Amino acid sequence: MLSIIIPNYNEEENLPNQLTFLEAKAKAFPIEIIIANSPDTTDSSLEICKSYDKVQFLESERSGRAIQMNFGASKAKGEILLFLHADIQLPDDFYEQITSAMDAGNQFGFFAYRFDRRSLMLNINSYFTKNDGMFAGAGDQAQFITKSAFERLGGYDESYCIMEDFKLTDTVRQHKLPYTIIQSRATVSARKYDKGSWLKVNLINGYVFLLYKLGTEPKKLRRIYKGLLREDF
């Protein structure tokens, strides 16, 4: 079974399309869908989820993406865990691609992606998600991992209120677990670029990533990121 875990914080805008797509897949394949909800959620996410038979809406006692994803993983029944942001659209063949990747001996992986709107500069960003490298393996790439490997590695590091996705990818590399990048592309929202220019957003991302690599404390990283991007996080 594949367990899809979506950390939720006020995602009522994105949940209907996401869950309609996933529930159709869950009727065709052995998939469970878990919404790991933040206690700080104030919108109608619960009411939306109630209309989907295949969706489990679970309340995390604490907020934070790493915390919520670990909570969802602790409740999951699947041998494979897929961690998915509410605004990331998986490719239609995601189930077949993930199971084939795991059958080939991989224990971890993620998807290349494209943005939900096209521009030359955004196309440059998405081009690099096809290849492995320093910036590969972010949460926007929909990370998946065997449950046994996830538990063995200790799950997401909950001290990371930002960059928890890169931290997991780095841990996978440190333990030399086999992993892959699926070339069937996910589709990522470009909403972050609505609040800042392509150059500004990429400079901020690169700067914060450098600070992460230099060992900057996660709460300080989040303060810097929010201050530079002026984004609710």
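Bear in mind these aren't lab numbers, they're just calculated from the coordinates by the rules spelled out. What you are looking at is a predicted structure, and each value in this text was computed from that prediction instead of being measured. Counting neighbours? That spans all protein chains shown, and the Cβs are built from the backbone with ideal geometry, glycine included.
Over the chain, dividing the summed -39,500 (n - 2.57) contributions of all DSSP H runs of at least 4 residues by the number of residues returns a 222 nm mean residue ellipticity of -12000 deg cm²/dmol.
Exposure proxy shown here: for 161, 49, the number of other Cβ atoms within 10 Å sets the order, fewest to most, as 161, 49.
Potential lengthening of the chain between residue 116 and residue 99 amounts to 3.6 nm, from the contour at 0.36 nm per residue minus the alpha-carbon distance. Modelled this way, with points 7 Å down the Cα-to-C-beta line, the labels at residue 1 and residue 47 are 3.0 nm from one another.
Ordering of 109-115, 206-212 by packing is 109-115, 206-212, highest average first (other Cβ atoms within 10 Å, averaged per residue). Look at the dipole of the chain built from charges on Cβ: of 21, 1, 228, the Cα furthest out on the positive end belongs to 228. Listed from fewest to most Cβ neighbours within 10 Å, the set 156, 193, 225 follows the order 193, 225, 156. Placing +1 on each Lys and Arg Cβ and -1 on each Asp and Glu Cβ, with no other charges, gives the range 2-190 a dipole about its Cα centre of roughly 540 debye. For the range 18-96, relative contact order (Cα pairs under 8 Å, six or more residues apart, normalised by length) works out to 33 percent. Placing +1 on each Lys and Arg Cβ and -1 on each Asp and Glu Cβ, with no other charges, gives the range 87-195 a dipole about its Cα centre of roughly 360 debye.
Projecting the Cα positions of 146, 122, 41 onto the charge dipole of the range 1-153 (unit charges on Cβ atoms of Lys, Arg, Asp and Glu, taken about the Cα centre) puts 146 furthest along the positive direction.
Working from label points 7 Å from Cα in the Cα-to-Cβ sense, the residue 123 to residue 202 distance is 1.4 nm. Provide Rg over Rh for the chain; use the alpha carbon set for both Rg and the Kirkwood Rh (inverse mean inverse pair distance). Taking Rg over the Kirkwood Rh, I get 0.93.
Its Kirkwood hydrodynamic radius, worked out from the mean inverse distance over all distinct Cα pairs, puts the range 56-157 at 15.0 Å. Across the chain, C-alpha contacts under 8 Å between residues 6 or more apart give a mean separation that, scaled by the residue count, equals a relative contact order of 21 percent.
Among the lysines, which have Cα under 25 Å from the Cα of residue 27 when same-chain residues fewer than 8 positions away are ignored? Once the sequence-local lysines are set aside, what remains near residue 27 is 50, 54, 75, 77, 147.
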